[in-house]
Amino acid sequence: MIYRFLFVYLFISLASQAQVDSTLFRRVPKDTTKNAMNMDAVYNRPFLALGKSPVAIGGYLESNWQYGVTDGITEGHQFQARRLTVFLASKINRRLKFLSEIEFEEGGREIAIEFASMDLELHPLLNFRGGIVMNPIGAFNQNHDGPKWEFIDRPISATQMLPATWSNTGFGIFGKTFHKSWMIGYELYLTGNFDNSIIENTENKTFLPAAKRNPERFEEINSGLPLMNGKIAVRNRKAGELGVSYMGGVYNKFQDDGLIIDSRRRVDVFAVDYNTTIPTINTTIIAEWAWVFVQVPATYTQQFGTKQYGGFIDIIQPILSRSMLGWEKATLNLACRLEYVDWNVGTFTETGDNIYEHLWSIAPAISFRPNAQTVFRFNYRYQQQTDLLGNPPALTGMFQLGFSTYF
Amino acid sequence: MYEKRILKGMEKFLISLFIVLCVVISCKKILPGAPEDATVLDGTIDGLTMEENQRFLKGDAAFTEVFTAETGLGTTFVATSCISCHAGDGKGHPSTTLTRFGQPDEFGNIFMDQGGPQLQNRALPGYMPEQIPAGATFSKFTPPANTGLGFLDFVSDADILALSDPDDLNGDGISGVPNWIVIPGYITPRPDAIVQNGKHICRFGKKGAAYNLLNQTVNAYNQDMGITSTYNPVDVYTGQEIDPEISNQKIQDVVFYLQTLKAPVARNQEDSEVKQGKALFAQINCAACHTPKLKTGFSPIKGLSYKEFSPYTDLLLHDMGPGLDDGYTEGSAKTYEWRTPALWGLGLSQSSQGGKYYLMHDGRAHSIEEAILMHGGEASGSKAMYQALSSGEKMALIKFLESL
C-alpha cells in the first residue's frame, strides 16, 4: 500500500514537472544494435530520464474499441482501456540496476507489480537477479509490451493456457554471450509457485492462470516448494532467435502444520519460441508453442485435464515504409495471427473418445506505426471454440480498433 | 536486379495471400449469426415479461455456476456444475452418467447409512470418493434434456391419473402407473394435488421419483455436487447436517429457469416421410406411452398457463421387461419400471452428446433403432409391430422421431 502511494506520488510529481518544461526529459536511446533477445525485453524499451537523475521512467497505454458476436449474441460496442503500465528503472551503480513494472488494469481496479527486481552484474555470463521476476516461459511472458504487437488481444495460449505476465518472487541467474553473428543467453530462477487453484477453479478446466489471482503467492508458496524455471535461447543475426524453456514444481499444498494432507502433485511446462525477420522482404514471424502437464488425482473430474498444448504464430509484412501523413518513418503492415489451444488433451474413460475443449482462431490485421513507439491497429478475429464433448462449436467474429503507445 | 524482382513477386504473393484469406473469412460469415431456433434447445418459452426475462437470466447464471471447494463443492460429488452434465440444456454424455444404488424393491433404500442412494464417485484432491457397498444393486443414469420441463410441471395430477390404466382395462397390454411417494416437507404440493395414503404423484427423473422441479434441483445440488441448502442440509460426505452452501433464492431462480426453458421445436413437419412416420407411431402403439399431446392447467407464469404441447410422454411408469431391469429402483416403482421419457428434442440429442446418440436411461442405445429394440415388457407388442414394418416404414418412423 505504501509502495503504491509512494509510487503514485512519484509519478504525479514527475508528471507535473513535465508540464512545466518537457525539455527536462531526455529520451534514453533504445539499444538498436539488434543484439537484443527476448530476455532483454525488460530493458529494451524507450525510457525517459529526468535531467541528470539516474532514474528513468517509461510505460505504455493501450486502449481500443471492439464489437464481437458469438453465435448471434453480442455484448454490443465496447470501449476498453486495457492497461496502463509504468516502468521505473535506475542504475544504482555501474553493475547494479533496478527495474520495476507496474500494471494498472480495468481502470485501476487491478494493480499488479509485474516486475520489480535488482540485477547485479558479476560478468556478462553471470548476473544475479532477485525480487519479483517475470518467469521466462515462452517468449510472450517476457516480451509482452502492447506496442510491440500488431494485435490488440494477447495470444490466447499465452493468457488462457500459460498465464501471461506470470511473475513471482524469486532469485536466479542469467547471462549472455556472443560470437560473430551468434548469441546465446540463459536464465535460471527459483521462484514462487502455482497452487491448488489450477485444478480447482470456476473455469471448469485445468487453468494455470487461476494461480495469478492469488496475491499471497508473493509471500508464501502453497506447496512450500519452489517453481524451477529455466530458459536457453540462441540468436543468429540471419536465422532469428530460438528459445527453449521449462518451468515446473509441486503445486499443491500437501502438508500443513507438520501433517501430510495430500500427495504431491506436479505441474510441468515446456515451451519453444521462435522469431525472425526474413532479411530482404522484411517479413517478421513470431511463434510460440507450449505443453502443459499437470498431475490431477484420478478420482477427480475429467473436466480437469492432465495435458494441454497450444500456441500462436504471427506473420507481419510491412507493405509501406516511408514518410506518411507527416511522419517521417512510418510503416504500414499487414499481419495475421493463427492460434490454437487444447486445454484437455486425452480421451474419456467411459467412451475412449477424444476430449475436445479446444479453440482455434485466425486474426488478420492492419497496423500503422507512425513511429517506433506507437501502433494503431485494426484487427478482425474469427474463432471456433469447442466444448469438452465435441458439440457444435461456438463461433465468434470480432472487430477491434485501437492503439498502444509507449510514452 | 534479379533478386529485386523476386522480392516484388514475394511481396505481391503475400499481399494476395492476405486478401484471399480475408475473402475466405468473409464468406464464412464475418459475424456469426445465431443458429436457427429449432436446432437448439436453449432459449425461453414464448411470452415472458421483462421481469421474467431477468429471472430467467439469473437462473441461467446459477445453472452455469461452477462450484469449487471454496463455494461448497463436495467433499465428494459427481460434477462441478449443472451445465457440466446438461450441456446446452440437452441430454448428457456417458462421462456425466451418475450411479444410484441400494434400493432393490419398492420398499425403500436399505443402504441409506452407507451413502445411498447416489454414488459420489469424485472427490476433492486429497479425499477418497465413495464406492458402491458390497451387496448393493445399482443403476446408471445418463442426464436427460432439461427442456420444456415447465410444461410438464404444470400438467394436473388428474390428467396424469387419467392416462394410467393399472389393470389394463383396455386390454392393449399397456398399463402405466404413477410413482406414489411421500414427499419431503419443504415441498408445497400443487393446489389440485391428488393424495393417496399420504403419498403424492411424482413425475420427474428416470424413475419418476421427483415431485417437481424444486425437488429435482435441491437433490441435484445436494447429491450431484455436494451443495447443501436449507431444503436439504445433509452433507453427502459426512451424513451430518451442515450450514447451507447455497441460498434458497438461487435455488428458486434455477427452478424458474428450468420452468421457462422453451420446449424443443419440431422440424420438417411438412415432409411426407415424417408425416408417414407420425402415423406409424400411432398405429404401432408407441403413442400409448409416448403420449403426443398434454395440456397444462393454471400457472402463475402466463406463458405456461393452459397450453397444449407435444412432449411424447405420459409421465407414468411402465414395465419395460427384464432387459431393462437393473435391480435398482426409487419410490414405489418396481425395478423393471421406468417413467416414459419425453421424445421431444430427440433429434437434437447428438448436438449435446458429442455427436453420438446415448439413449435409454443409461445411454446403452447408440441409435434410435437400438433404443426401440431394447423395449420389452409392456412395450413388447409395440416393438414386435415395429420389427414387422418394412424397411421404408422403419425409416419413415425414425425420420419422424429425428424431427422431434
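Structure notes:
- Scan region A:243-253 for residues that are open to solvent by 10 Å² or more (accessible area, probe 1.4 Å) and either β-branched (Val, Ile, Thr) or at pLDDT below 95 (or both) and the total you get is 3.
- Search result, residues across region A:188-201 that are open to solvent by 30 Å² or more (accessible area, probe 1.4 Å) and either on the phi > 0 side of the Ramachandran plot or part of a loop (DSSP other than H, G, I, E, B) (or both): A:Glu200
- Index of the failed condition, A:Asn204 passing every other in (1) at negative phi; (2) at pLDDT below 95; (3) open to solvent by less than 20 Å² (accessible area, probe 1.4 Å); (4) in contact with a helix residue (DSSP H, G or I) (Cβ under 8 Å, 6 or more places away or on another chain): (1)
- Count - residues of region B:29-43 that are more than 10 Å from every other protein chain (Cβ to nearest Cβ), in a loop (DSSP other than H, G, I, E, B) and under 14 Å from B:Trp344 (Cα atoms): 2
- The residue that is nearest to B:Asp42 (Cα to Cα), counting only those in region A:51-71 that are within 12 Å of chain B (Cβ to nearest Cβ) and open to solvent by 40 Å² or more (accessible area, probe 1.4 Å), is A:Asp71.
- Residue within region B:96-110 that is within 14 Å of chain A (Cβ to nearest Cβ), out of contact with any strand residue (DSSP E or B) (no Cβ under 7 Å at 6 or more places or on another chain) and closer than 30 Å to A:Gly397 by Cβ present: no
- Residues of region B:223-232 satisfying the condition of being surrounded by fewer than 22 Cβ atoms within 10 Å (Cβ to Cβ) and out of contact with any Pro (no Cβ under 6 Å at 6 or more places or on another chain): B:Gln223, B:Tyr231, B:Asn232
- Selected residue (criterion: farthest from the other protein chains (Cβ to nearest Cβ)) from residues of region A:262-295 that are aliphatic (A, V, I, L, M) and open to solvent by 30 Å² or more (accessible area, probe 1.4 Å): A:Val272
- B:Asn146 vs. criteria within 30 Å of B:Thr39 (Cα to Cα), assigned to a loop (DSSP other than H, G, I, E, B), open to solvent by 10 Å² or more (accessible area, probe 1.4 Å) and of a type outside the set (Gly, Ala, Ser): yes
- Scanning region A:161-218 for residues being closer than 16 Å to A:Asn127 by Cα and basic (Lys, Arg) gives a total of 1.
- Residue under evaluation B:Ser352, criteria (1) farther than 16 Å from B:Ala209 by Cβ; (2) among the hydroxyl-bearing types (Ser, Thr, Tyr); (3) open to solvent by 10 Å² or more (accessible area, probe 1.4 Å), criterion not met: (3)
- Scope region B:362-386; condition of a type in the set (A, V, I, L, M, F, W, C) and either touching a residue at least 24 places away in the same chain (Cβ under 8 Å) or farther than 13 Å from B:Cys286 by Cα (or both); matching residues: B:Ala365, B:Ile368, B:Met374, B:Ala379, B:Met385
- Scope region B:197-217; condition open to solvent by 10 Å² or more (accessible area, probe 1.4 Å) and assigned to a loop (DSSP other than H, G, I, E, B); matching residues: B:Asn197, B:Gly198, B:Gly205, B:Lys206, B:Ala209, B:Asn212
- Each residue in region A:392-407 was checked for being touching a Pro at 6+ places or on another chain (Cβ under 9 Å) and within 14 Å of chain B (Cβ to nearest Cβ), and 5 of them qualify.
- Output for region A:322-353, where each listed residue is over 30 Å from B:Asn121 (Cα atoms), free of Cβ contacts under 8 Å to residues at least 60 places away in the same chain, more than 9 Å from chain B (Cβ to nearest Cβ) and in a strand (DSSP E or B): A:Arg322, A:Ser323, A:Met324, A:Trp327, A:Glu328, A:Lys329, A:Ala330, A:Thr331, A:Leu332, A:Leu338
- Test: residue in region B:200-209 that is modelled with pLDDT of 95 or more and farther than 30 Å from B:Val66 by Cα: yes
- Residue in region B:124-135 that is under 23 Å from B:Lys334 (Cβ atoms) and open to solvent by less than 40 Å² (accessible area, probe 1.4 Å) present: yes
- Every listed requirement among (1) more than 14 Å from chain B (Cβ to nearest Cβ); (2) open to solvent by 10 Å² or more (accessible area, probe 1.4 Å); (3) within 25 Å of A:Arg264 (Cβ to Cβ) is met by A:Arg213 save one, (1).
- Residues located in region B:176-196, provided they are in a loop (DSSP other than H, G, I, E, B) and closer than 15 Å to B:Lys334 by Cβ: B:Gly176, B:Pro178
- Against the list (1) at pLDDT 95 or above; (2) within 12 Å of chain A (Cβ to nearest Cβ), the condition B:Leu7 fails is (1).
- Looking only at residues of region B:279-335 that are aromatic (Phe, Trp, Tyr) and in contact with a Leu (Cβ under 8 Å, 6 or more places away or on another chain), we find that the one that is surrounded by the fewest Cβ atoms within 10 Å (Cβ to Cβ) is B:Phe309.
- Residue under evaluation B:Leu73, criteria (1) hydrophobic (A, V, I, L, M, F, W, C); (2) open to solvent by 30 Å² or more (accessible area, probe 1.4 Å); (3) at the interface with chain A (Cβ under 10 Å from one of its Cβ atoms), criterion not met: (2)
- Cβ pairs under 8 Å, 6+ apart, first in region B:177-202 and within 24 Å of B:Met320 (Cα to Cα), second among the small types (Gly, Ala, Ser) and outside any loop (DSSP other than H, G, I, E, B): B:Cys202/B:Ala210
- For region A:357-379, taking the residues that are of a type in the set (Ser, Thr, Tyr) and crowded, with 19+ Cβ neighbours inside 10 Å, the one that is farthest from the other protein chains (Cβ to nearest Cβ) is identified as A:Ser367.
Residue-by-condition table, conditions (1) of a type in the set (Gly, Ala, Ser); (2) at pLDDT below 90; (3) not in a loop (DSSP other than H, G, I, E, B):
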site: A:Leu48; (1), (2), (3): no, yes, yes
site: A:Glu62; (1), (2), (3): no, no, yes
site: A:Thr85; (1), (2), (3): no, no, yes
site: A:Phe98; (1), (2), (3): no, no, yes
site: A:Ala116; (1), (2), (3): yes, no, yes
site: A:Gly130; (1), (2), (3): yes, no, yes
site: A:Val133; (1), (2), (3): no, no, yes
site: A:Ile137; (1), (2), (3): no, no, no
site: A:Phe140; (1), (2), (3): no, no, no
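- For region B:245-258, a residue qualifies if it is under 24 Å from the mean Cα position of the chain (by Cα), farther than 12 Å from B:Phe63 by Cβ and buried (at least 18 other Cβ atoms within 10 Å of the Cβ), and exactly one does: B:Ile246.
The values are calculated or read from the model by the stated rules, or taken from the named source; none is laboratory data. What you see is a predicted model; the values in this text were computed from it and never measured. A quick note on method: Cβ atoms are made from the backbone with ideal geometry, for glycine too, and the neighbour counts reach across all protein chains shown. Just the protein is used for accessible areas: all its heavy atoms, side chains included, with ligands, DNA and RNA removed. Shrake-Rupley method; radii C 1.70, N 1.55, O 1.52, S 1.80 Å.
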